[in-house]
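Contents: one structure, followed by commentary.
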Amino acid sequence: MEMKKPFEPKILAFLCNWCAYAGADLAGVSRLQYPPTLRSIRVMCSGRVDPVYITDGLKSGFDSVFVSG
Amino acid sequence: MELTQYLLDLSGIGRNRLQVRWVSAAEGQLFAEYVTEVSDITQKLGPFDPDKFELPLAAVERTLNSARIRWLLGLTKQITEQGNVYNEKLKKEDFKKMLHRAAEEEYQKALIMQVLEERPLSVKEMAEKTGLAVYTVSLRLNELERCNQAGLKQYSGNAPIFMGM
């Protein structure tokens, strides 16, 4: 019998190279637990994120978009 | 980002699909907390179906790409802080209101342009397809005509049929 998989969100993340990306790195190094739902893209600055990237992300099937810097 | 969230609300997708958080390089703990929080929010919202929101998404994208919105956003600082040569400035709230009004109009125009891309339509058909009121459609259509973005194609009986240009 096939088991119904629980919904696991897919989140597109834009992380600033100097802030959030380094923060994510630190979280990894300090072995902090967080959900494996992010698909991250490193950008050189969160100001680099054009609003159109967000609609593009939603269009390509992500459940939400996370911008962090 | 605030404007994008406003547009997501306007289009029925909901602003919560876009989350913005500030984390510094030293805040690994905070980052982990935010990821958990954003994950929980998305979990509650449930899966996003891009096919169901095809029209609104395309219209939001069109709006964000429109010259009017891009110029306004780019001039935010100048309008609210530096002022013009007469030293007239807009208050931050007034600017935000103006920006939202502009975004709403551009979004309605984008919806119309989007449905006209498929085939020429009458005002009534456009209103049905976009979910806008007939009056709103004719207002925006008028603006589009003045900018040469839409025009009259033919008459079907008494009803004028418009096309995108």
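Where a number appears in this text, it was derived from the coordinates with a stated rule and is not lab data. All values derive from a computational prediction rather than experimental measurement. Because the Cβ atoms are built from the backbone with ideal geometry, glycine has one as well, and the counts that use them run over all protein chains shown.
A few comments on the model shown:
- Of all residues in region A:4-22 being free of Cβ contacts under 8 Å to residues at least 24 places away in the same chain and crowded, with 18+ Cβ neighbours inside 10 Å, the one that is nearest to the other protein chains (Cβ to nearest Cβ): A:A22
- Residue list for region B:118-128, restricted to those being without any contact (Cβ under 8 Å) to a residue 40 or more places away in the chain and surrounded by 13 or more Cβ atoms within 10 Å (Cβ to Cβ): B:V123, B:E125, B:M126, B:A127, B:E128
- For B:N142, the conditions (1) within 25 Å of B:Q5 (Cβ to Cβ); (2) assigned to a helix (DSSP H, G or I) are fulfilled apart from (1).
- Per-region count, region B:46-58, residues within 7 Å of chain A (Cβ to nearest Cβ) and either part of a helix (DSSP H, G or I) or not hydrophobic (A, V, I, L, M, F, W, C) (or both): 4
- Within region B:3-37, tally of residues that are part of a helix (DSSP H, G or I) and without any contact (Cβ under 8 Å) to a residue 24 or more places away in the chain: 13
- Positions within region B:38-58 being without any contact (Cβ under 8 Å) to a residue 60 or more places away in the chain, surrounded by 12 or more Cβ atoms within 10 Å (Cβ to Cβ) and closer than 22 Å to B:L116 by Cβ, in sequence order: B:P50, B:F53, B:E54, B:P56, B:L57, B:A58
- The residues in region B:1-39 that are more than 8 Å from chain A (Cβ to nearest Cβ) and either on the phi > 0 side of the Ramachandran plot or touching an Asp or Glu at 6+ places or on another chain (Cβ under 8 Å) (or both) can be counted, and the count is 4.
- Output for region A:47-65, where each listed residue is polar (S, T, N, Q) and either in a loop (DSSP other than H, G, I, E, B) or without any contact (Cβ under 8 Å) to a residue 40 or more places away in the chain (or both): A:T55, A:S60
- Any chance B:K91 is more than 29 Å from A:K10 (Cα to Cα) and touching a helix residue (DSSP H, G or I) at 6+ places or on another chain (Cβ under 6 Å): no
- Single residue of region B:139-165 satisfying the filter (within 21 Å of the chain's Cα centre (by Cα) and exposed (fewer than 13 other Cβ atoms within 10 Å of the Cβ)) that is nearest to B:E105 (Cα to Cα): B:N142
- Filter result (more than 14 Å from A:C16 (Cα to Cα) and in a loop (DSSP other than H, G, I, E, B)) within region A:31-46: A:R31, A:L32, A:Q33, A:Y34, A:P35, A:P36, A:T37
- Residue among A:D25, A:D56 that is surrounded by fewer than 21 Cβ atoms within 10 Å (Cβ to Cβ), under 20 Å from B:R70 (Cβ atoms) and more than 7 Å from chain B (Cβ to nearest Cβ): A:D56
- Filtering region B:59-73 to residues that are in a helix (DSSP H, G or I), closer than 19 Å to A:D56 by Cβ and either more than 8 Å from chain A (Cβ to nearest Cβ) or over 19 Å from the mean Cα position of the chain (by Cα) (or both) leaves B:A59, B:R62, B:T63, B:I69, B:R70, B:L73.
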